[in-house]
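Heads up: the structure comes next, in structure tokens.
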Amino acid sequence: MTPIIRPTNDKAFAENIIIQNMSAYYKQLDMCWDTTLFDKQWGQLDSYKLVINASRVGLLCINHDENAYYIRELQIDPQWQRQGIGTAAIRYTVETAQRKGIHLLRLRVFCINPAIALYERMGFRICKTEAGINYMERKLF
């Protein structure tokens, strides 16, 4: 299923879907959500809502520097997971980076997050693991 990917400034939606999807990992890793940090970082991201049939089903937040594009958030509503929406969001990021002449994508993911399998299927490789987080990257050609 291919979502429509549109820019969003809806910080409340973004924070809600992140907390919804990540709270179990935070609990398992004995971490706490930091709203102040989220508020600070929100303005530094290009954020997109993923829409199917006029319903928001996910969130993609990216940013970049001169070397790489960074997927900062990729959150799919649980009832829409495993339907190709995350794959479509990654493809969108690949195309965006390539249009800008950037040849590297990077992301971070908790080591206990099963989304690692999606990222590996999409060509990402683990570069390092530190403090329970996998740092992953994919070269674009």
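The values are calculated or read from the model by the stated rules, or taken from the named source; none is laboratory data. This one's a predicted model, so the numbers in the text were calculated from it and none came from an experiment. In this analysis, Cβ positions are derived from the backbone assuming ideal geometry, glycine residues included, and neighbour counts consider all displayed protein chains.
Selection of the stretch 122-134 for residues being in contact with a strand residue (DSSP E or B) (Cβ under 8 Å, 6 or more places away or on another chain), within 12 Å of Leu29 (Cβ to Cβ) and assigned to a loop (DSSP other than H, G, I, E, B) yields only Gly132. The single residue among Ile52, Ile71 that is among the aliphatic types (A, V, I, L, M), under 14 Å from the mean Cα position of the chain (by Cα) and either modelled with pLDDT of 95 or more or on the phi < 0 side of the Ramachandran plot (or both) turns out to be Ile71.
Right, Glu95: of a type outside the set (A, V, I, L, M, F, W, C) and farther than 21 Å from Pro3 by Cβ or not? For Glu95, the condition - of a type outside the set (A, V, I, L, M, F, W, C) and farther than 21 Å from Pro3 by Cβ - is not met. Say whether the condition of being in contact (Cβ under 8 Å) with a residue 12 or more places away in the chain, buried (at least 17 other Cβ atoms within 10 Å of the Cβ) and either out of contact with any Cys (no Cβ under 7 Å at 6 or more places or on another chain) or among the aliphatic types (A, V, I, L, M) (or both) is met by at least one residue in the stretch 7-14. Yes, the stretch 7-14 contains at least one residue that is in contact (Cβ under 8 Å) with a residue 12 or more places away in the chain, buried (at least 17 other Cβ atoms within 10 Å of the Cβ) and either out of contact with any Cys (no Cβ under 7 Å at 6 or more places or on another chain) or among the aliphatic types (A, V, I, L, M) (or both). Given the criteria part of a helix (DSSP H, G or I), surrounded by 16 or more Cβ atoms within 10 Å (Cβ to Cβ) and in contact (Cβ under 8 Å) with a residue 40 or more places away in the chain, does Tyr119 qualify? In short, no.
For (1) among the β-branched types (Val, Ile, Thr); (2) out of contact with any His (no Cβ under 9 Å at 6 or more places or on another chain); (3) in contact (Cβ under 8 Å) with a residue 40 or more places away in the chain; (4) not in a loop (DSSP other than H, G, I, E, B), each residue gets a yes or a no:
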{"position": "Val51", "(1), (2), (3), (4)": "yes, yes, yes, yes"}
{"position": "Ile90", "(1), (2), (3), (4)": "yes, yes, no, yes"}
{"position": "Glu95", "(1), (2), (3), (4)": "no, yes, no, yes"}
{"position": "Gln98", "(1), (2), (3), (4)": "no, yes, yes, yes"}
{"position": "Ile102", "(1), (2), (3), (4)": "yes, no, no, no"}
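The residues on offer are Asn16, Asn21, Asn67, Asn9, and the sole one that is farther than 22 Å from Phe110 by Cβ, of a type in the set (S, T, N, Q) and either in a helix (DSSP H, G or I) or in contact with a Leu (Cβ under 7 Å, 6 or more places away or on another chain) (or both) is Asn67. Considering Gln28, Gln79, the condition of being loosely packed, with under 15 Cβ neighbours inside 10 Å and either farther than 20 Å from Asn134 by Cβ or among the small types (Gly, Ala, Ser) (or both) is satisfied by Gln79 alone.
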